[in-house]
Amino acid sequence: MASIAENILQVRARIEAACRAFDRLPASVNLLAVSKTCPGVSVREAFAAGQRDFGENYVQEALAKIDELDDLRDQLRWHLIGPLQGNKAREVAARFDWVHAVDRMKLAQRLSDLRPPELAPLQVCLQVNISGEESKSGVAPEAALALAHEVAALPRLKLRGLMAIPEPAGDLAAQRTPHRALRKLFEAMNAEGLGLDTLSIGMSADLEAAIAEGATCVRIGTAIFGARPAKSAPIGANTSTTDRPSRRSSVESMKPSNFSVGSYSASPSVSMASSVGHVRR
C-alpha cells in the first residue's frame, strides 16, 4: 500500500499532467487535502510531505484535530468544506481559515459578526448547487450573483470565489459541463468587479475536468488518504442534521489520459496562504 507521501506525489503528478494538457500553469492550482474522518497522525504525515491546506466536513471532528495538531497551527490552513449551520458559526469563525460552503446571507452575516477582530478576515467561497441536486447544499446559480455582492460587502469576510460539487459523470466531456457552467458564472461575477480568484472544484475522480475548466483549488481526499470506511461516523463528529455533509457519489477510477486541449487558459493564480490569520486556542 502506498504511503500518504507517495499518494500526494501521485496526485501532484496528475495535476501537473492536466495543466500541461490544458495549457495551465501548475502553480495556478492549489491542492486541498480532504482529511475528514482521518486521524491527526495522517494529517501530520501529509504535512511532513509538504501539504499545508486541509479540508474538513465535520465541525466537531475538525476542532478536535486542530487542537491535536496545535503545534503546527501556524503552518496549517484549515478549510471547512461541508455544510454549516448557524449554531456552529461561532467556532468556525474563530478557528478556521477558509469556509467554502457559504450559501446564504444569514450565515455569511453571522460568520462576519463572529470573526474575532484580531484575526484577518475569514476567506470564503460561495457554494453553488451547479447541478440542481436536491441532496446538495448551495445557492442556485441564478441567485448567486446577488448573494456574492452582499457577501463581498461584509467587513470581516473576504469573498474569494465559488465552490461546487457537481453531479458525478463517467467521462471527461460530461464532467466538464458543470465545471464550465461554474466557470462562466465566476467570469460573470468578475465582469461586475467582484475580483474573485478561486474556483474550488474537482475531486479525486474529476480533477482533470476541473482543471480543464479553470479550477484553482482541487479538493482531494480518497486519492491521498485512501478509501474511507462505509457508513461510519468519524470520532468526535456530530452526526445530527445540523452538521452533516451532503450525500454524493464518487468514481475513483479516472486517471489522466487522452486529453484534448480545451480553449480555456490559465485562471488567476490562487494563493491560499494570503490574507490568512491564525488563532491559537
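The values are calculated or read from the model by the stated rules, or taken from the named source; none is laboratory data. Keep in mind that this is a model prediction, so the values were computed, not measured. Note: ideal-geometry Cβ built from the backbone for every residue, glycine included; neighbour counts use all protein chains shown. Just the protein is used for accessible areas: all its heavy atoms, side chains included, with ligands, DNA and RNA removed. Shrake-Rupley method; radii C 1.70, N 1.55, O 1.52, S 1.80 Å.
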Note on the stretch 6-58: residues among the small types (Gly, Ala, Ser), assigned to a helix (DSSP H, G or I) and open to solvent by 10 Å² or more (accessible area, probe 1.4 Å) are ALA13, ALA17, ALA21, ALA27, SER42, ALA48
Quick one: which residue in ALA93, ALA143 is open to solvent by less than 30 Å² (accessible area, probe 1.4 Å) and part of a helix (DSSP H, G or I)? ALA93
Which pairs have Cβ atoms under 7 Å, sit 6 or more apart or on different chains, and link a residue in the stretch 175-193 that is closer than 20 Å to SER204 by Cα and among the polar types (S, T, N, Q) to one that is open to solvent by less than 50 Å² (accessible area, probe 1.4 Å) and modelled with pLDDT under 95? GLN175/ALA169
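The rows are residues; the columns are (1) assigned to a helix (DSSP H, G or I); (2) open to solvent by 10 Å² or more (accessible area, probe 1.4 Å); (3) more than 18 Å from LEU84 (Cβ to Cβ).
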residue: ILE165; (1), (2), (3): no, yes, no
residue: ARG176; (1), (2), (3): yes, yes, yes
residue: ILE211; (1), (2), (3): yes, no, yes
residue: VAL218; (1), (2), (3): no, no, yes
Pairs with Cβ under 6 Å, 6+ apart, first in the stretch 87-108 and under 15 Å from ALA143 (Cα atoms), second small (Gly, Ala, Ser) and assigned to a loop (DSSP other than H, G, I, E, B): ASP103/SER137; ASP103/GLY138
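Condition check ((1) modelled with pLDDT under 95; (2) within 19 Å of the chain's Cα centre (by Cα); (3) among the small types (Gly, Ala, Ser)) across all residues:
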position: ALA2; (1), (2), (3): yes, no, yes
position: ILE8; (1), (2), (3): no, yes, no
position: ALA18; (1), (2), (3): no, yes, yes
position: PHE22; (1), (2), (3): no, no, no
position: LEU25; (1), (2), (3): no, no, no
position: VAL41; (1), (2), (3): no, no, no
position: ASP53; (1), (2), (3): no, yes, no
position: ASP70; (1), (2), (3): no, no, no
